[in-house]
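Data block below; observations after.
The values are calculated or read from the model by the stated rules, or taken from the named source; none is laboratory data. None of the values given here were measured: they were computed from a predicted structure. A quick note on method: Cβ atoms are made from the backbone with ideal geometry, for glycine too, and the neighbour counts reach across all protein chains shown. Ligands, DNA and RNA are excluded from the accessible area calculation, which covers all protein heavy atoms including side chains. Shrake-Rupley method; radii C 1.70, N 1.55, O 1.52, S 1.80 Å.
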2 protein chains.
Amino acid sequence: MMHDLIRGYFAPVFGIEQLNDSAIVANDRPGRIAITTDSYVVSPLFFPGGDIGRLAVCGTVNDLSVSGAEPLYMTAGFIIEEGFPLGDLKRVLDSMRAAAEEAGIRIVAGDTKVVDRGKADGLFINTAGFGVVEEGVDLSPLRIRPGDRVVLSGSIGNHGVAVMAERNGISFDPPLLSDVGPLNALARRMLGATKNIRMMRDPTRGGLATTLKEIAAESGKCIVVREDAIRVRPGVRGACELLGLDPLYIANEGILVAIVDAADATALAGAMKETGAGAESVVIGEVAEGPGKTVLLKTSVGGIRIIDMLSGDQLPRIC
Amino acid sequence: MMHDLIRGYFAPVFGIEQLNDSAIVANDRPGRIAITTDSYVVSPLFFPGGDIGRLAVCGTVNDLSVSGAEPLYMTAGFIIEEGFPLGDLKRVLDSMRAAAEEAGIRIVAGDTKVVDRGKADGLFINTAGFGVVEEGVDLSPLRIRPGDRVVLSGSIGNHGVAVMAERNGISFDPPLLSDVGPLNALARRMLGATKNIRMMRDPTRGGLATTLKEIAAESGKCIVVREDAIRVRPGVRGACELLGLDPLYIANEGILVAIVDAADATALAGAMKETGAGAESVVIGEVAEGPGKTVLLKTSVGGIRIIDMLSGDQLPRIC
């Protein structure tokens, strides 16, 4: 019965007629296809600055965007615990619709499954995203060269701290908001500004530190970044001290890091600053030949810290 | 920690290098794009004839196939309860790989999320599928005309009964096996045999009755089927009597129903019989002008029964 009620909610929100069939869409954009998927199990479902619905749409858009793809279509699968409040479901769906409109992506197919009380945790959302990579766009860590610059589009730690604070019942004044938002307009502006972007990535789970370490590992190069160039908002810094967290490892959902030819770095950061999502863009470091597969942080006090991956998740269920 | 262990399992099974990035694939097949998604929450995860992994791959392949699309790529997102046995996970992944190879679909992107014990039920899998619909293929219930024939590719109720028996700890001798399997080879053979297939659909949740009722509702026509033409294996019939279930409403995962021009029905059923999945194909009825949006079953004893949808799920968590 709940199942039927829920199905009635979806079609009007997303404008899709059938939840279980395939959607048939045009394939009139030249270029390779980018495909991505993610499951969202964030707890709590609503947090300052966003909710699981906005997170699911923006996360999908951003995975495509940092691959150099223009996001076109996405799917959404919902696993719902029996008894989940329909009002909350409606809020999540409205939020997804608004985020999809903001990003210009179409939600073309959906599915719902209801499981017994105690067999899930309210609501899980899984998405898949489809986009097109235009001719000439080829982003890969293998293209990174020594001397390239590292550009970061905004301040770090905002999403993870907002979720952790909400989970622990802590509130700040002014409130610390998640940065969850779509990056496709920013990425498009960047790809239009220079042909010399080597790669982009959004530092979500594991934060900026984990993303930089992945880039170093995949490229075999050394990434050197300056601590004092990496923006952390004062409230986020204070909350991290309170919660015992390192902002470098905190999840972000509205920023990206790009590696670009040194000659284009300043111009790229300038172009990024002209967009809403990239207003705080800054060059934070560069690529060195070695030591390979290593990330070095030049600290504010003049030391050097080796940045490693955490062995587990610092923050579970952050997205 | 479990998260890291799990990630180590995925890449070798699927041959994908990155779990969180977009996969970039060729777009060299002309035609419109079909996109589908489904979540799998079947309980139990392993049942006679299949498991959640085979179900997830075949369900995705089949949703695309009955839309007239050639399945090309799929994604898989895993929500895993902390403590889920890694041996079971390995079994499921091996099963997915085998099913993907059987169907000729590539699993190009994946994601894993681990939630605390008690916040999920072992394992949920969400998939999205991506295929290409060739020029000239246009399947839709709106194309159905009075006089068209209804063709069914196999016997009904096998999947649902296999899962329900396993869930209730009942075993049969010989065992009743789920029919879970890929339908793309069958669908391709059908589309090659005649241009006059109006539509196809796979009768999964809600069974053949629900699917026929959906077709009647969407087309506005009347579907008349003969009970004695619809195959139900004796073991399935017996199990349904034992469990108090109507095989017409039991989920299937390896059959499809097609509506075809009357002149081509016999030839189509003949072509279907030449494939493994369609060996039991048979014409089970026809389309009438009215009463509209209605399904009528001519019973074996000479009566007529109106077939309606069930108000809820007869069998929860069957897929």
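Criterion applied to A:G169, A:G181 was being outside the structural domain of A:S65 (by TED's automatic domain parsing) and within 18 Å of the chain's Cα centre (by Cα), and the one residue passing it is A:G181. From the set of residues in segment B:128-143 that are closer than 23 Å to B:I284 by Cα and among the hydrophobic types (A, V, I, L, M, F, W, C), which is surrounded by the fewest Cβ atoms within 10 Å (Cβ to Cβ)? The selected residue is B:L142. Among residues that are within 7 Å of chain B (Cβ to nearest Cβ), modelled with pLDDT of 95 or more and either within 24 Å of A:N184 (Cα to Cα) or not in a loop (DSSP other than H, G, I, E, B) (or both), A:S65 is not included. Within segment B:283-293, the set of residues being at pLDDT 95 or above and surrounded by fewer than 18 Cβ atoms within 10 Å (Cβ to Cβ) comprises B:A288, B:P291, B:G292, B:K293. Considering the conditions (1) surrounded by fewer than 20 Cβ atoms within 10 Å (Cβ to Cβ); (2) in a helix (DSSP H, G or I); (3) at pLDDT 85 or above; (4) not β-branched (V, I, T), B:S43 is excluded by exactly one of them, (2).
None of B:E274, B:E218 is open to solvent by 40 Å² or more (accessible area, probe 1.4 Å), acidic (D, E) and under 29 Å from A:D111 (Cα atoms) except B:E218.
Confirm whether B:L248 is buried (at least 18 other Cβ atoms within 10 Å of the Cβ) and not assigned by TED's automatic domain parsing to the domain that holds B:G59.
Answer is yes for this residue.
Evaluating B:V57 against the criteria (1) open to solvent by 30 Å² or more (accessible area, probe 1.4 Å); (2) part of a helix (DSSP H, G or I) leaves one unmet condition, (1). Annotation note: Cβ proximity below 8 Å between a residue of segment A:40-65 that is farther than 15 Å from A:F78 by Cα and a residue that is in a strand (DSSP E or B) and basic (K, R) (sequence gap 6+ or interchain) occurs for no pair. Just wondering, is there one or more residues in segment A:178-186 that are open to solvent by less than 10 Å² (accessible area, probe 1.4 Å), more than 23 Å from A:L208 (Cβ to Cβ) and touching a residue at least 40 places away in the same chain (Cβ under 8 Å)? Looking for residues that are open to solvent by less than 10 Å² (accessible area, probe 1.4 Å), more than 23 Å from A:L208 (Cβ to Cβ) and touching a residue at least 40 places away in the same chain (Cβ under 8 Å), one finds none in segment A:178-186, hence no. Residues of segment A:69-104 that are open to solvent by less than 10 Å² (accessible area, probe 1.4 Å), within 12 Å of chain B (Cβ to nearest Cβ) and in contact with a helix residue (DSSP H, G or I) (Cβ under 7 Å, 6 or more places away or on another chain): A:P71, A:M74, A:A76, A:I80.
Quick grid of which residues meet (1) of a type in the set (A, V, I, L, M); (2) modelled with pLDDT of 95 or more; (3) open to solvent by less than 60 Å² (accessible area, probe 1.4 Å); (4) not assigned by TED's automatic domain parsing to the domain that holds B:I33:
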position: B:G122; (1), (2), (3), (4): no, yes, yes, no
position: B:N126; (1), (2), (3), (4): no, yes, yes, no
position: B:R145; (1), (2), (3), (4): no, yes, no, yes
position: B:H159; (1), (2), (3), (4): no, yes, yes, yes
position: B:V163; (1), (2), (3), (4): yes, yes, yes, yes
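Please determine whether any residue of segment B:254-269 is modelled with pLDDT under 95 and more than 16 Å from B:M200 (Cα to Cα). So far as segment B:254-269 goes, no, none of its residues is modelled with pLDDT under 95 and more than 16 Å from B:M200 (Cα to Cα). Does A:I307 satisfy the criteria of being surrounded by 12 or more Cβ atoms within 10 Å (Cβ to Cβ), touching a strand residue (DSSP E or B) at 6+ places or on another chain (Cβ under 7 Å) and within 30 Å of A:E166 (Cα to Cα)? Yes; evaluated as a whole, the condition is true for this residue. Candidates are the residues of segment B:294-304 that are open to solvent by 60 Å² or more (accessible area, probe 1.4 Å) and in contact (Cβ under 8 Å) with a residue 40 or more places away in the chain; the one that is nearest to the other protein chains (Cβ to nearest Cβ) is B:K298.
Listed here are the residues, each with its yes/no results for (1) without any contact (Cβ under 8 Å) to a residue 12 or more places away in the chain; (2) over 22 Å from A:M199 (Cα atoms); (3) in a loop (DSSP other than H, G, I, E, B).
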site	(1), (2), (3)
A:E253	no, no, yes
A:A263	no, no, no
A:L268	no, no, no
A:R317	no, yes, yes
